[in-house]
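Trainee: Structure provided below as structure tokens; questions to follow.
Nothing in this text is a laboratory measurement; each read-out follows from the coordinates by a stated rule. Bear in mind the structure is a predicted one, so any value in this text is a computation, not a measurement. Positions of Cβ are backbone-derived with ideal geometry, glycine not excepted, and every protein chain shown enters the neighbour counts.
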Amino acid sequence: MERIYFDHAATTPLDREVFEKMTPYFCDVYGNADSPHALGRKAMAAVDSARDKIAALIHAKNNEIYFTSGGTEADNWALFGGAYAKKAEGKTRVVLSAIEHHAVLSAAERLERDGFEVVYLPVNEQGVVEEDALQNAIDRNTALVALMYANNETGAIQPVQRACALAHERGALFFTDAVQAAPYMRLDVRELGVDMLSFSGHKFYGPKGVGVLYIRGGVKVQKFVGGGEQERGMRGGTVNVPAIVGIAAAYEKAVQNMEQNNEKIRVLVQRFMQELAPLSGVTVNGDRQNALPSVLNLRFDGVENTAFLYAMDLQGVCLAAGSACASASVKPSHVLTAMGLDERQAKESVRFSFGKNNTTEEIVQGARFAVETARRLR
């Protein structure tokens, strides 16, 4: 059975061109990048080239780019490293939105247990943090403000630049999780003004298990992973050369083809909604005008999402109810409940997330299955 993949917000397939660029660093250039011999130096040259490439693409300096094991580690490092560095200055408040990824929320829970005051910013019905909430939450005791660039369940784009300015006015560090935004929005750390920014390779057709944390030069952040002196002494562990080569190649390709891919996906989503039109009781969660082109969160009245997902999977359609990191949970989405949906409405909601390789035929077929499945389950 040919599968239809509508779960690109969870992960994307590895681009074959990217894989080919990674291949030599598994078996041929296999040296430890921190070894002084020729094979080690050749591996380190590839890492340095990847760091230069990513730095240029986000308008950073190469010594501001740190490689991690993925978005979760980068998020944890930003929260713990930033908060504890500021605690040394007597600042003990951490402000973040109620719709952050679980990598951020779990780190915040630990900070709370360690004595930090954690403030969760509410969002409006469209899933966006409003300026009044930011103004009221960020004070002179705030160590760190964390606000994701775009939400992984609804695609809602957040006012990162304004939030960053408010944080800096009050002496706080600012971090944005750009994991979902990176494939669809150009990242310019100078324009945004952020102190830290994270993204992950597998969201834009790169390898899993590798991420990036940008830390602005001059910003004091505590190290997160102890061990060797890798990543300029800030993150221990043997350097994953093939993955680092892969994330740089994938991100470069994503940026080069961003407008083209975004436009294709917009057209596909528009067609998908047209094909769903015969089905009554379908509501879009969030604002499609201020969102990533790829993420479509829909509520099917009277249809429990777990049953819908299983039924669609049996027909070969891959979907999710929300974040892949919380897919085993029976709880309603924390993002949707923060937007004002009740538990029943949240459990009637499904996330469709589209990618550059989807076809019109898949859109039409997937929408037809969705209509038939919703009618049957009702």
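Trainee: Once a ≥ b ≥ c are taken as the square roots of the eigenvalues of the Cα gyration tensor of region 283-378, is the result rounded (a/c under 1.5), prolate (a/b larger than b/c) or oblate (a/b not larger than b/c)?
Mentor: It is oblate, given that a/c is not under 1.5 and a/b is not larger than b/c.
Trainee: Let me ask another. Considering every Cα-Cα pair within region 110-170, what fraction, in whole percent, is farther apart than 12 Å?
Mentor: Summing the P(r) of region 110-170 above 12 Å gives 68 percent of all pairs.
Trainee: Also, I was wondering about something else. 5 Å is the cut-off here: which amide hydrogens, built 1.01 Å from N in the peptide plane, fall below it relative to residue 4, excluding neighbours closer than 5 in sequence?
Mentor: It is 317, 318, by chain and number.
Trainee: With the Cα gyration tensor of region 251-316 giving a ≥ b ≥ c as the square roots of its eigenvalues, does the rule (a/c under 1.5 for rounded; else a/b larger than b/c for prolate; else oblate) give rounded, prolate or oblate?
Mentor: Because a/c hits 1.5 or more and a/b exceeds b/c, region 251-316 counts as prolate.
Trainee: Right, something else. Which ³J(HN,Hα) values, rounded to whole Hz and listed in residue order, are derived for region 277-289 from phi using the Karplus coefficients 6.51, -1.76 and 1.60 in 6.51 cos²θ - 1.76 cosθ + 1.60 with θ = phi - 60°, glycine and proline given as x?
Mentor: With the stated coefficients, region 277-289 comes to 3, x, 8, 7, x, 10, 10, 7, 8, x, 9, 5, 7 Hz.
Trainee: Under 22 Å Cα-Cα from residue 223, which lysines qualify once same-chain neighbours fewer than 8 residues away are excluded?
Mentor: 61, 86, 87, 91
Trainee: Related question: Pop out the ³J(HN,Hα) list for region 38-51 in order, Karplus 6.51 cos²θ - 1.76 cosθ + 1.60 with θ = phi - 60°, rounded to Hz; leave Gly and Pro as x.
Mentor: Residue by residue, region 38-51 yields 4, 5, x, 5, 5, 5, 5, 4, 5, 5, 4, 5, 5, 5 Hz.
Trainee: Once the piece of chain linking residue 89 and residue 30 is laid out straight, how much longer is it, given 0.36 nm per residue of separation minus the C-alpha distance between them?
Mentor: Full extension from residue 89 to residue 30 adds 16.9 nm.
Trainee: Please list, in chain and number order, the residues 5+ apart from residue 225 or on another chain whose amide H is under 5 Å from its amide H, with Hs placed from the backbone.
Mentor: 236
Trainee: Measuring from label point to label point, each 7 Å out along Cα→Cβ, what is the residue 41 to residue 59 span in nm?
Mentor: 3.7 nm
Trainee: List the lysines whose Cα lies under 24 Å from the Cα of residue 356, skipping any in the same chain that are fewer than 8 positions away.
Mentor: 21, 53, 203, 208, 253, 264
Trainee: Between residue 359 and residue 2, 0.36 nm times their residue separation minus their Cα-Cα distance comes to what?
Mentor: Result: 127.2 nm gained on full extension.
Trainee: Here's another thing I want to ask about it. For helix 241-256, what angle does its Cα long axis make with the longest principal axis of the chain, in degrees from 0 to 90 and rounded to 10?
Mentor: Value to nearest ten degrees: 60.
Trainee: Let me ask something else. Using a cut-off of under 20 Å, list every residue of region 328-363 whose amide N is near the label point 7 Å from the Cα of residue 16 along the Cα-to-beta-carbon line.
Mentor: Taking a point 7 Å out along Cα→Cβ of residue 16, the residues of region 328-363 whose backbone N falls under 20 Å are 355-362.
Trainee: Are there GluC sites (Glu not before Pro) in region 81-178 that DSSP puts in a loop and that have at most 14 other Cβ atoms within 10 Å, and which ones? Walk me through the intermediate numbers first.
Mentor: Numbers: sites: 89, 100, 109, 112, 117, 125, 130, 131, 153, 169; in loops: 89, 100, 125, 130, 153.
For GluC sites (Glu not before Pro) across region 81-178 that sit outside H, G, I, E and B with at most 14 neighbouring Cβ atoms in 10 Å, the list reads 89, 125, 130.
Trainee: For region 179-187, what does the Karplus curve 6.51 cos²θ - 1.76 cosθ + 1.60, with θ = phi - 60°, yield as ³J(HN,Hα) per residue in whole Hz, taken in order and with x for Gly and Pro?
Mentor: For region 179-187, the Karplus curve yields 4, 6, 6, 3, x, 10, 10, 5, 9 Hz.
Trainee: Whole number please: convex hull volume per residue, Cα atoms of region 8-100, in Å³.
Mentor: Convex hull of Cα atoms, per residue: 157 Å³.
Trainee: Still on this structure, I have one more. To the nearest 10 degrees, how steep is helix 360-377 against the longest Cα principal axis of the chain, on a 0 to 90 scale?
Mentor: 60 degrees
Trainee: Pick from 232, 216, 190: which residue has the top mean-square fluctuation in a GNM of the chain where Cα pairs under 10 Å get a spring?
Mentor: In this elastic network of the chain, the residue with the biggest mean-square fluctuation among 232, 216, 190 is 232.
Trainee: Could you please report the charge total around residue 365, scoring K, R as +1 and D, E as -1 over all other residues with beta-carbon less than 10 angstrom from its beta-carbon?
Mentor: -3
Trainee: Once amide H atoms are placed 1.01 Å from N in the peptide plane, what residues at a sequence separation of 5 or more from residue 97, or on another chain, have their amide H within under 5 Å of its amide H?
Mentor: Placed amide hydrogens put 121, 146, 148 under 5 Å from residue 97.
Trainee: Here's a follow-up. What's the angle, to the nearest 10 degrees (0 to 90), between helix 71-87's Cα axis and the longest principal axis of the chain?
Mentor: 50 degrees
Trainee: Additional query: Could you list the residues of region 94-121 with an amide nitrogen less than 19 Å from a label point located 7 Å from the Cα of residue 136 in the Cα-to-C-beta direction?
Mentor: The answer is 94-100, 117-121, whose backbone nitrogens lie closer than 19 Å to the label point.
Trainee: Any chance you could check the Cα centroid distance between region 1-51 and region 162-240 for me, in angstrom?
Mentor: 20 Å
Trainee: In addition: So which residue, out of 286, 237, 193, gets the largest mean-square fluctuation from a GNM of the chain using Cα contacts under 10 Å as springs?
Mentor: 237
Trainee: While we're on this one: Mind pulling up the Rg/Rh value for region 16-256? Radius of gyration and Kirkwood radius, both on Cα.
Mentor: Working: Rg = 17.8 Å, Rh = 18.1 Å.
We get a ratio of 0.98 for region 16-256.
Trainee: Multiply the residue separation of residue 225 and residue 117 by 0.36 nm, subtract the distance between their alpha-carbon atoms, and state the gained length in nm to one decimal.
Mentor: 36.5 nm
Trainee: If you don't mind, there's one more thing I want to ask. Any idea what the dipole of the chain comes to, in debye rounded to 20, about its Cα centre with Lys/Arg Cβ at +1 and Asp/Glu Cβ at -1? Please report the intermediate quantities before stating the final value.
Mentor: On the way: 41 positive and 45 negative charges, 88 e Å.
My answer is approximately 420 debye.
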